[in-house]
Amino acid sequence: MRIVLGVGGGIAAYKVASLLRLFTEAGHNVTVIPTEASTRFVGTATWEALSGNPVSNSVFDDVHQVNHVRLGHEADLVVIAPATADLLAKAATGQAGDLLTNTLLMAHGPVLFAPAMHTEMWQHAATRANVETLRSRGAAVLEPATGRLTGADSGPGRLPEPEAIFDAAMALLQGPSDFQLPLAGRTVTISAGGTREPLDPVRFLGNRSSGKQGVALAVAARNAGASVRLLAAHMEVPPPAGVDVVQVETALQLRKAALAAAADSDAVIMSAAVADFRPAEVSDTKIKKRDDTADPVITLVRNPDILQELVELRNGTAGQKQQLIVGFAAETGDSDGGVLAHAQAKLQRKGCDLLVVNHVGTDKVFGQDTNSVVILARAGSEPQEASGTKTEVSAAIISRIGYELNSVSPRA
């Protein structure tokens with residue numbers, strides 16, 4: 001296949017050398033068209049050496065071949081990486097100031113954009129409008145990855161990994177109609193963070209959850225094409241862009257929000273760390289520590305089992321049998337059994353479709369950037385392990401959810 005690889009003027013241009021290598025090793029004939037700005041990051045000699053083809057960014061080179069028309073006409077696929085905010089704007093408005101933008105206007109085959117820019121640029125209304133314009137015209141625009149950017153800050157805006165861009169490009173070569181994000185058109189509700197149960201106006205019962213895993217799940221679901229609703233309890237990280245956020249504090253508030261959100265959700269992922277108990281009484285004033293009074297006694301009562309209620313609601317409502325419900329279990333082993341034994345019993349007791357199991361401890365999972373989980377299925381399939389960064393674990397979980405939702409076999 002003939003691929004035109006357009007390289008935008010961003011520092012992520014160096015990663016595109018790996019993408020080019022993936023294309024050539026797969027047997028594709030690649031013509032690289034770098035923008036003038038991109039050559040300040042990676043020179044044309046690199047692209048020529050890796051592609052085996054001459055490289056130019058001027059419409060005045062090899063005029064007799066009419067490259068500004070020919071390259072777009074002959075290309076089976078055009079890939080733009082990194083697709084900077086500037087390149088997205090030029091493509092959306094039909095500008096033709098150099099060889100690459102001319103080629104985009106002449107492209108007859110599918111076009112794939114892999115954005116990379118600073119978070120504020122990606123979230124700017126102008127960039128979002130340009131992305132929607134390109135998508136409405138049939139172009140495939142990937143969501144950028146989330147992580148460390150050029151400076152000290154992090155957020156959405158990283159160039160997707162070369163392997164992810166390559167996979168998307170290969171799907172487009174199979175036919176644009178075959179290119180579909182696994183959760184496109186789906187609505188996914190995700191709870192994240194830890195609930196807090198007040199004792200008085202200044203104190204509460206809480207837990208160690210940071211919300212990092214829930215936020216990573218929201219990003220992965222958004223990137224998979226879903227419309228995402230994030231039920232955010234206390235979190236140490238900000239919610240991601242491009243999702244609807246519902247703020248909650250207590251387990252009762254989370255229950256109300258989750259039951260309401262579930263009504264139109266294709267999948268509900270309960271990853272929040274929900275308090276099992278709450279104080280039976282909440283003092284209107286700060287509980288004082290006085291030498292002339294006895295130590296206070298705090299009586300706890302059970303919080304409702306939100307996950308089990310969601311399953312009962314799904315099972316008792318006509319038309320919702322295909323809704324997927326995913327629970328999370330933060331488990332520790334004890335004298336009665338190991339982590340997986342407790343998790344298997346919980347899965348059967350709760351009745352959810354998938355249960356994501358963490359082995360937790362004071363230095364495990366909570367607040368960390370990495371995670372290791374086992375995904376259990378009520379249908380009885382083999383346990384699935386996933387480990388790595390919370391972003392990588394979330395990608396595995398969302399991939400499994402997409403598989404379950406798109407499976408032709410109805411769930412029991």
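The values are calculated or read from the model by the stated rules, or taken from the named source; none is laboratory data. Remember, predicted model here, so these are calculated numbers, not experimental data. Here the Cβ positions follow ideal geometry from the backbone for every residue, glycine too, while neighbour counts run over all protein chains shown.
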On the given criteria, is Glu74 of a type outside the set (A, V, I, L, M) and in contact (Cβ under 8 Å) with a residue 24 or more places away in the chain?
-> yes
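In the same structural domain as Ala168 (by TED's automatic domain parsing) and without any contact (Cβ under 8 Å) to a residue 12 or more places away in the chain - does that describe any residue in the range 15-26? Don't jump to the end; show me each part of the working.
Kept after step one, since they are in the same structural domain as Ala168 (by TED's automatic domain parsing), are these residues of the range 15-26: 15-26.
Narrowing the set further to residues that are without any contact (Cβ under 8 Å) to a residue 12 or more places away in the chain leaves 25.
Within the range 15-26 (the criterion being in the same structural domain as Ala168 (by TED's automatic domain parsing) and without any contact (Cβ under 8 Å) to a residue 12 or more places away in the chain), the answer is yes, since at least one residue qualifies.
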Of all residues in the range 195-222 being in contact with a helix residue (DSSP H, G or I) (Cβ under 8 Å, 6 or more places away or on another chain) and of a type outside the set (Ser, Thr, Tyr), which is nearest to Trp122 (Cα to Cα)?
-> Val219
Among the residues of the range 219-240, write down those that are over 14 Å from the mean Cα position of the chain (by Cα), surrounded by fewer than 22 Cβ atoms within 10 Å (Cβ to Cβ) and within 13 Å of Ile190 (Cβ to Cβ).
-> Met235
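Looking at the range 86-125, which of its residues are assigned to a helix (DSSP H, G or I) and farther than 19 Å from Gly138 by Cα? Please lay out each step first, then the result.
So the first thing to find is which residues in the range 86-125 are assigned to a helix (DSSP H, G or I), and the list is 86-93, 99-106, 119-123, 125.
If the condition is that a residue be assigned to a helix (DSSP H, G or I) and farther than 19 Å from Gly138 by Cα, then Asp86, Leu99, Thr119, Glu120, Met121, Trp122, Gln123, Ala125 are the ones that fit.
Here's the yes/no breakdown for (1) surrounded by 21 or more Cβ atoms within 10 Å (Cβ to Cβ); (2) more than 24 Å from the chain's Cα centre (by Cα):
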| position | (1), (2) |
| --- | --- |
| Gly242 | no, no |
| Val245 | no, no |
| Thr250 | no, yes |
| Lys256 | no, yes |
| Leu259 | no, no |
| Asp266 | no, no |
| Val274 | yes, no |
| Phe277 | no, yes |
Given the conditions (1) touching a residue at least 40 places away in the same chain (Cβ under 8 Å); (2) in the same structural domain as Val111 (by TED's automatic domain parsing); (3) among the aliphatic types (A, V, I, L, M), every one holds for Ala171 apart from (1)
Kindly indicate whether any position in the range 131-140 is surrounded by fewer than 19 Cβ atoms within 10 Å (Cβ to Cβ), part of a loop (DSSP other than H, G, I, E, B), among the acidic types (Asp, Glu) and in the same structural domain as Gly72 (by TED's automatic domain parsing).
-> no
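Return a yes/no flag: does the range 310-325 have any residue that is in contact with an Asp or Glu (Cβ under 7 Å, 6 or more places away or on another chain), among the aliphatic types (A, V, I, L, M) and either buried (at least 18 other Cβ atoms within 10 Å of the Cβ) or without any contact (Cβ under 8 Å) to a residue 60 or more places away in the chain (or both). It would help to see each step written out before you state the result.
From the range 310-325, those in contact with an Asp or Glu (Cβ under 7 Å, 6 or more places away or on another chain) are 323-325; that's our starting set.
After this cut, where a residue has to be among the aliphatic types (A, V, I, L, M) as well, the list is 324-325.
If we keep only those that are either buried (at least 18 other Cβ atoms within 10 Å of the Cβ) or without any contact (Cβ under 8 Å) to a residue 60 or more places away in the chain (or both) as well, we get 324-325.
For the range 310-325, residues in contact with an Asp or Glu (Cβ under 7 Å, 6 or more places away or on another chain), among the aliphatic types (A, V, I, L, M) and either buried (at least 18 other Cβ atoms within 10 Å of the Cβ) or without any contact (Cβ under 8 Å) to a residue 60 or more places away in the chain (or both): present.
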Out of (1) without any contact (Cβ under 8 Å) to a residue 60 or more places away in the chain; (2) under 19 Å from Gln323 (Cβ atoms); (3) among the hydrophobic types (A, V, I, L, M, F, W, C), what's the single condition that is false for Ala272?
-> (1)
